[in-house]
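Okay, so here's the structure we're looking at.
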Amino acid sequence: MAFRGKGSPAAPLAVARIIHRKFMSDIRVRFAPSPTGYLHVGGARTALFNWLFARRLGGTYILRIEDTDKLRNNEEMVRGILEGLAWLGLDYDEGPFFQSDYYEQHRTAAFQLLDNGWAYRDFTPKEERSDANIKQAVAEANRQAVKVKNPYRDLSRAESDARAAAGEAFVIRFKVPEEGKTSFDDAVYGPQERDYKDIEDLVLLRSDGHPLYNLSVVCDDIAMGITHVIRGQDHLSNTHKQVLLYQALGKPVPVFAHLPLILAPDKSKLSKRKHGEIVSVTTYRDAGFLPDAFLNSLALLGWSPEEVREGEVDREVFSRPELIERFSLGGIHKSNAVFNFDLREAQDWQSQKEQLLDPRWVARNFYKFPRSWTDQKAQWMNAEYIKTMPLAELLPYVKTKLQSVDLWRAEFEGAESEWFQRAVNLIRDRYRTLNDFASLGRAYFVAGLDFEFEEEAVKKNLKKDAALKTLLPELADRFGALSEFTHDSTEAALRAFAEEKGVKAGLLINGTRTALTGQSAGPGLFDVVTIIGQTRAVERLRNVANLV
RNA sequence: GGGGCGUUAGGCAAGUGGUUUAAGCCGCCAGUCUUUCAAGCUGGAAAUCGCGGGUUCGAAUCCCGCACGCCCUACCA
């Protein structure tokens with residue numbers, strides 16, 4: 001059976017596949033999220049590892065949406081996931097496929113198992129369970145229940161057929177053998193074994209005819225020729241059931257590699273309901289992370305390079321190709337990792353997300369933006385990329401960001417391109433996110449006086465000494481009179497002026513910084529002055545008279 | 001209740017019996033640089049390797065027990 005992406009023409013795909021086949025290995029992996037409306041960092045990491053594995057070995061990486069649960073299935077819910085993957089650049093070779101498109105195949109498989117005796121009809125009436133406290137309810141039920149054999153397990157086929165024909169509702173359950181055990185060798189967790197008696201007769205098909213998860217995954221993975229199943233450790237226990245299904249279906253069992261989970265700081269599983277937007281990857285996109293930087297920090301959660309290379313001590317920063325080159329299942333850890341965001345911050349974040357993710361708000365309120373709101377290492381990684389990546393690669397990101405707050409001008413790529421590059425290069429050293437260019441960097445890119453002043457800075461550098469109210473506008477005149485406006489000429493002018501007035505140069509330097517940028521921190525002042533340029537510098541220094 | 005998986009500093013982690021008196025990174029602290037803030041550089045604090053037994057000349061590394069956390073145990077995925 002051929003899987004085909006919705007709406008994608010079959011022919012080019014087939015051609016691509018042929019070319020692909022010729023040069024690549026037969027390894028096929030998939031990322032199979034359920035459409036929950038957003039991609040959280042754990043899911044992103046699973047996608048990343050599948051992708052890295054495929055890219056490393058020349059395999060095929062497939063995206064499949066597990067929308068078997070009709071309640072969760074709608075386009076809106078899928079979009080969040082696609083957006084997250086797109087941002088991270090985790091491009092898939094095939095798909096996206098939708099599990100629900102293959103109901104019929106799953107049903108056929110269930111009836112096939114019924115026919116050859118691997119499954120049976122269970123006529124027990126459906127037990128209603130509320131979704132709310134299902135975990136406890138199930139655990140509680142199992143606590144008290146004495147394991148009793150399903151009365152329909154050994155019902156004769158004739159009687160079973162007759163009751164079904166009479167219209168009686170039933171589910172199809174897998175018939176787990178009484179004696180023996182399943183085993184598989186997990187590429188991460190090692191050899192796994194489980195007695196048949198510890199595996200219950202799982203339901204394959206609901207009474208309304210819908211196939212259930214365990215059946216569906218196995219069918220799809222078989223149909224798609226998946227050779228390596230790389231997924232979260234929460235599926236480790238389920239794997240035994242799936243192995244049983246592969247065997248009953250007479251198909252080869254793929255290699256399983258289970259990944260340690262990424263947990264919240266309180267060690268609980270990441271969830272949208274509990275942790276909100278702070279665990280969604282699109283939040284990191286909107287907050288100004290670079291996809292490569294975020295990917296890099298994600299890769300280090302639950303994996304580390306198996307061997308340190310010649311001449312390398314220990315590295316944390318890896319480009320995408322370097323990650324691909326080094327990735328191996330052997331480097332995956334067994335223990336869960338914590339994505340160390342601040343839980344309290346997460347709540348504030350949640351309540352203010354409209355503001356915090358609105359570039360326009362942030363641009364005007366940069367100093368109200370929380371400094372340390374998420375995993376510190378991820379933040380450091382982002383800052384590291386911003387300050388060390390080739391400038392030419394950073395520029396397009398800055399452009400997009402500036403466009404989003406209407407700070408972009410075509411000249412930045414034309415007449416002023418040289419200036420623009422110098423400016424970005426100057427300020428990037430102390431920025432941690434792309435958003436900083438639009439917020440903290442606003443004063444550099446905007447014309448005239450259209451930028452915000454940080455209260456603290458004004459207090460500290462402009463109001464502290466009353467003399468500044470007249471000194472700075474006077475300095476503006478000196479700057480204005482300069483025929484050559486350079487780092488050295490402006491410094492000489494300022495220092496001479498300070499001496500003349502009998503004040504410390506530092507007073508004027510700090511005052512000027514705030515006058516020009518609204519901030520108390522920034523690059524070396526004379527670099528700032530030259531980047532801001534004569535016209536704006538003079539204008540902004542004169543404006544001090546109105547500020548204090 | 002049953003079954004499974006895990007447990008090295010605040011977080012990420014190296015390390016699978018012997019120069020480990022336990023790497024490195026983030027964070028934290030201090031010094032240095034400086035006109036500010038970062039960055040950089042230098043240094044520091046922080047781990048009885050979950051706990052208790054055992055094996056061994058020697059254990060974070062092997063064995064047993066316990067505790068804790070997580071997962072599965074649904075006509076959810």
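A DSSP coil position with no more than 16 other Cβ atoms inside 10 Å describes the following trypsin sites (Lys or Arg not before Pro) in region A:358-443: A:Arg371, A:Arg409.
Considering only alpha-carbon pairs that sit under 8 angstrom and 6 or more positions apart, the relative contact order computed for chain A is 12 percent. Dipole check for chain A: with +1 at the C-beta of Lys and Arg, -1 at the C-beta of Asp and Glu, and the Cα centre as origin, the magnitude is about 540 Debye. When only the Cβ of Lys, Arg, Asp and Glu is charged (+1, +1, -1, -1), the dipole of region A:385-426 relative to its Cα centre reaches about 200 debye.
Fewest neighbouring Cβ atoms within 10 Å first, the residues A:Leu298, A:Leu507 line up as A:Leu507, A:Leu298. Here region A:157-221 was treated as a single set of alpha-carbon atoms; its pair distances binned every 5 Å from 0 give 4, 14, 15, 19, 21, 13, 7, 4, 3, 1 percent. The order of the peptides A:490-500, A:46-56 by mean Cβ neighbours within 10 Å, most packed first, is A:46-56, A:490-500. Taken over chain A, the convex hull of the Cα atoms encloses 191 Å³ per residue. Pairs of Cα atoms under 8 Å, at least six residues apart: use those to get the relative contact order of region A:222-281, whole percent. Across region A:222-281, relative contact order equals 35 percent. Just in region A:152-199: which GluC sites (Glu not before Pro) are loop by DSSP and have at most 13 other Cβ atoms within 10 Å? Qualifying residues, ordered by number: A:Glu168, A:Glu178, A:Glu179.
Working ranking of peptides A:216-229, A:248-261 by packing, defined as the average number of other Cβ atoms within 10 Å per residue, highest first, is A:216-229, A:248-261. Ordered by the count of other Cβ atoms within 10 Å of each Cβ, fewest first, A:Trp349, A:Trp118 give A:Trp118, A:Trp349.
Counting other Cβ atoms within 10 Å as a rough exposure proxy, the listed residues A:Thr514, A:Thr535 run A:Thr535, A:Thr514 from fewest neighbours to most.
On the basis of the beta-carbon distance and an R0 of 35 Å, A:Ala166 and A:Asp198 show a calculated FRET efficiency of 0.50.
Read-outs: derived from the displayed coordinates by stated rules, not from any lab. Source: prediction; values computed, not measured. Neighbour counts are summed over all protein chains in view; Cβ atoms, including those assigned to glycine, are modelled from backbone coordinates with ideal geometry.
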